[in-house]
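Note sheet for the following structure.
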Amino acid sequence: MGGDKAPVPEVAGAIHAAKEFGHRVLLVGDKSSVQRELDEHPSASNLPIEVVHAPERITMDDHVRAARSKRESSMHVCARLVATGKADGFISAGNTGACMAIAKMVLGKLPGVDRPALTGVFPTLKGSPVVVIDVGANVDCEPQMLAQFGLMGEVYSRHVLKVKRPRVGLLSIGEEEHKGNALTRETMPLLKVMDFHFIGNVEGRDIFSGEADVIVCDGFVGNVALKVSEGLADMIRLMLTESLEATLSRKIGYVLSKSAYRDFKKRVDYSEFGGAPLLGVKGVCIICHGRSDSNAIKNAIRIAAESFTSRVNQRIEDELREYAKAG
């Protein structure tokens, strides 16, 4: 109920996911509003979609304190459904801070996790996605937290994105080990001894180069990278569209290259990646952009299901236990 155009894209995305993937979807929110929108789609009557009533909603303008006060909000009800095993994961396009707070409060942290981390997935020049962790959950971090982020991101890349041997890099201002701030320099030796393929420092340009499969950073830096990337992608799409439509000859060229342009838009479209998984909590939680369209919601449902079936949380817990033993 918290997205920019809720519940329209949420309902449409749920319908697409139920049709395409066969997943059972619980739409949680004000029952009359959600049901009214669902009734706009007659084809949904035979799909495994159910409406669960939640009388309260947390808006984008609400302070994170609303996470504690609005106990019957759609976010709270969603989290409780996961905590009690009635749902395998929950998705929200609402207030990010409130959603993270509720997930930590209701689901709790996995054993061995100091702080859950928000995981961004970006397109790369090589065609394979890169995981950037953390992109906003923790603006002040300690080296041990970043080491855990690296482990969680590596597990997610390997088991959900199906990267055989993910290359893990530490985001810094230069490739040399001595480059960076105190946090990155102190994190470097911790990542070196982790049981995965650590490739050392990477720079901001490497987020899109495809040279790394997982990039570790604190939430302040990661969130700036996320917002810059979203803005750049929007600017490129707009500039390209305006340029192609500027003259008759370019319009003809646009028509001839329409399939290539569609492919470009798809490669840089955030909605293809669904949302950002909150790794480190006891349950699957996917946090979507407030402006998410139905395609983003559909893909968020897909990612949630894949995270659950691949047992990402159990694998993270197991590997953190082994890391603790070794260290």
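The values are calculated or read from the model by the stated rules, or taken from the named source; none is laboratory data. Just so it is clear, the structure is predicted and the values come from calculations on it, not from any experiment. Cβ atoms come from the backbone with ideal geometry, glycine included; neighbour counts cover every protein chain shown. These accessible areas exclude ligands, DNA and RNA; they are computed on the full protein's heavy atoms, side chains included. Shrake-Rupley method; radii C 1.70, N 1.55, O 1.52, S 1.80 Å.
Before moving on, here are some points about what is shown:
- Test: residue in region 262-278 that is at pLDDT 85 or above, under 28 Å from Glu230 (Cβ atoms), within 13 Å of the chain's Cα centre (by Cα) and of a type in the set (Ser, Thr, Tyr): no
- Scoring Cys285 on the criteria (1) surrounded by fewer than 17 Cβ atoms within 10 Å (Cβ to Cβ); (2) modelled with pLDDT of 90 or more; (3) under 17 Å from Gly120 (Cβ atoms) leaves a single failure, condition (1).
- Selection within region 39-54 - part of a loop (DSSP other than H, G, I, E, B) and open to solvent by less than 90 Å² (accessible area, probe 1.4 Å): His41, Leu47, Pro48, Ala54
- Restricting Asp195, Asp206 to residues that are at pLDDT below 90 and either of a type in the set (Asp, Glu) or farther than 20 Å from Thr119 by Cβ (or both) narrows the list to Asp195.
- Applying the condition of being surrounded by 19 or more Cβ atoms within 10 Å (Cβ to Cβ) and among the β-branched types (Val, Ile, Thr) to region 288-327 and asking which residue is farthest from the chain's Cα centre (by Cα) yields Ile316.
- Only one of Arg115, Arg65 that is among the charged types (D, E, K, R) and within 30 Å of Arg321 (Cα to Cα): Arg115
- Residue that is farthest from Lys282 (Cα to Cα), among those in region 94-106 that are open to solvent by less than 20 Å² (accessible area, probe 1.4 Å), of a type outside the set (Val, Ile, Thr) and in contact with a helix residue (DSSP H, G or I) (Cβ under 7 Å, 6 or more places away or on another chain): Gly94
- Only one of the numbered conditions (1) of a type in the set (Ser, Thr, Tyr); (2) closer than 23 Å to Ala304 by Cα; (3) touching a helix residue (DSSP H, G or I) at 6+ places or on another chain (Cβ under 9 Å) is not met by Ser43, and that is (2).
- Inclusion of Leu81 among residues that are among the hydrophobic types (A, V, I, L, M, F, W, C), at pLDDT 95 or above and closer than 17 Å to Cys288 by Cα is not warranted.
- Test: residue in region 137-158 that is in contact with a Ser or Thr (Cβ under 8 Å, 6 or more places away or on another chain), crowded, with 24+ Cβ neighbours inside 10 Å and acidic (Asp, Glu): no
A quick yes/no check of all residues on (1) under 14 Å from Thr124 (Cβ atoms); (2) within 21 Å of the chain's Cα centre (by Cα); (3) open to solvent by less than 40 Å² (accessible area, probe 1.4 Å):
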residue: Thr184; (1), (2), (3): no, no, yes
residue: Met188; (1), (2), (3): no, no, yes
residue: Val193; (1), (2), (3): no, no, no
residue: Phe196; (1), (2), (3): no, no, yes
residue: Ile199; (1), (2), (3): no, no, no
residue: Asp206; (1), (2), (3): yes, yes, yes
residue: Gly210; (1), (2), (3): yes, yes, yes
residue: Val214; (1), (2), (3): yes, yes, yes
residue: Asn223; (1), (2), (3): no, yes, no
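- Hits in region 74-91 - residues which are under 22 Å from Lys298 (Cα atoms) and of a type in the set (Ser, Thr, Tyr): Ser74
- Considering Ala17, Ala12, Ala6, the condition of being surrounded by 14 or more Cβ atoms within 10 Å (Cβ to Cβ), out of contact with any Leu (no Cβ under 9 Å at 6 or more places or on another chain) and within 30 Å of Phe220 (Cα to Cα) is satisfied by Ala6 alone.
- Selection status of Leu171, under 30 Å from Pro111 (Cα atoms), in contact (Cβ under 8 Å) with a residue 40 or more places away in the chain and either open to solvent by 30 Å² or more (accessible area, probe 1.4 Å) or aromatic (Phe, Trp, Tyr) (or both): no
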